[in-house]
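A.B. asks: Handing you a structure now.
The values are calculated or read from the model by the stated rules, or taken from the named source; none is laboratory data. Predicted model only: the values in this text are computed from it and were never measured. Cβ atoms come from the backbone with ideal geometry, glycine included; neighbour counts cover every protein chain shown.
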């Protein structure tokens, strides 16, 4: 596969879940990838597994100086990034909106929304110099078809959606494409928080019953879309929100 041959990518939250699957798919498609994650040990282990075209760096995406350092690491190791995937995210437990404390609310918006602001300020000037680039922001089906219990998380992903579309319009003259990938829940580390109940086969079955195609999202589903949207085959696509949700948002 060579859809992303000689491309350079940064993937945040790359040590596990959607981010790890995207990093793996990008390497397979021919890209060089910087794995950005707050869990350096896990990111380094994956980078070793992926080989010399992968490099890991520790980064708290809520800190502008750390995001800037991650971008500098990419430039020094591989070159100016062609692709950035803002995948790092968090949630609050599925519960009444009134039971989510302020610190948790701030953390959700800082990781899910403000991190994109930090990354844009670090990477967009470089992409403007190159007159091209791709930014993929990971949203959520909750930002399209919100349901009770995850109100503040859903709101953060709604912000990601509007932010991405506005970025797409503003950055189009510089040939920088911005798109959103919005998955339904998957069996990642955040699953139990999303469900708000213990992760049992019975509870999973209740949630799967709401997905027309009859299963949860697999990280590989998101990775396949991330490869396509970053490739030249998607060169006329910007500002779109791609649900990867088995029909959940219908």
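A.B. asks: Condition test on residue 45, is it out of contact with any strand residue (DSSP E or B) (no Cβ under 7 Å at 6 or more places or on another chain) and free of Cβ contacts under 8 Å to residues at least 60 places away in the same chain?
C.D. replies: yes
A.B. asks: Looking at 209, 205, 234 in this structure, which one is in contact (Cβ under 8 Å) with a residue 40 or more places away in the chain and farther than 9 Å from residue 184 by Cβ? First the steps, then the outcome.
C.D. replies: Working: 209 fails: in contact (Cβ under 8 Å) with a residue 40 or more places away in the chain; 205 fails: in contact (Cβ under 8 Å) with a residue 40 or more places away in the chain.
None of the other options fit; the residue is 234.
A.B. asks: So which of 115, 155 is over 21 Å from residue 234 (Cα atoms) and within 14 Å of the chain's Cα centre (by Cα)?
C.D. replies: Working: 155 fails: within 14 Å of the chain's Cα centre (by Cα).
Answer to the check: 115.
A.B. asks: Okay, next question. With the structure loaded, tell me whether residue 86 is within 20 Å of residue 232 (Cβ to Cβ), touching a helix residue (DSSP H, G or I) at 6+ places or on another chain (Cβ under 7 Å) and at pLDDT 95 or above or whether it fails that test.
C.D. replies: No.
A.B. asks: Let me ask something else about it. Does residue 61 satisfy the criteria of being in contact (Cβ under 8 Å) with a residue 12 or more places away in the chain, touching a strand residue (DSSP E or B) at 6+ places or on another chain (Cβ under 6 Å) and closer than 26 Å to residue 151 by Cβ?
C.D. replies: Answer is yes for this residue.
A.B. asks: On to the next question. Being surrounded by 24 or more Cβ atoms within 10 Å (Cβ to Cβ) and outside any loop (DSSP other than H, G, I, E, B) is the filter here; which residues of region 9-23 pass it?
C.D. replies: 9, 10, 11, 12, 18, 19, 20, 22, 23
A.B. asks: From 169, 220, 225, which residue is at pLDDT 95 or above, touching a strand residue (DSSP E or B) at 6+ places or on another chain (Cβ under 6 Å) and within 28 Å of residue 124 (Cα to Cα)?
C.D. replies: Exactly one of 169, 220, 225 is at pLDDT 95 or above, touching a strand residue (DSSP E or B) at 6+ places or on another chain (Cβ under 6 Å) and within 28 Å of residue 124 (Cα to Cα), namely 225.
A.B. asks: Right, next: Among the numbered criteria (1) modelled with pLDDT of 95 or more; (2) touching a helix residue (DSSP H, G or I) at 6+ places or on another chain (Cβ under 7 Å); (3) farther than 21 Å from residue 164 by Cβ, which one does residue 1 miss?
C.D. replies: Evaluating residue 1 over (1) modelled with pLDDT of 95 or more; (2) touching a helix residue (DSSP H, G or I) at 6+ places or on another chain (Cβ under 7 Å); (3) farther than 21 Å from residue 164 by Cβ leaves (1) as the failure.
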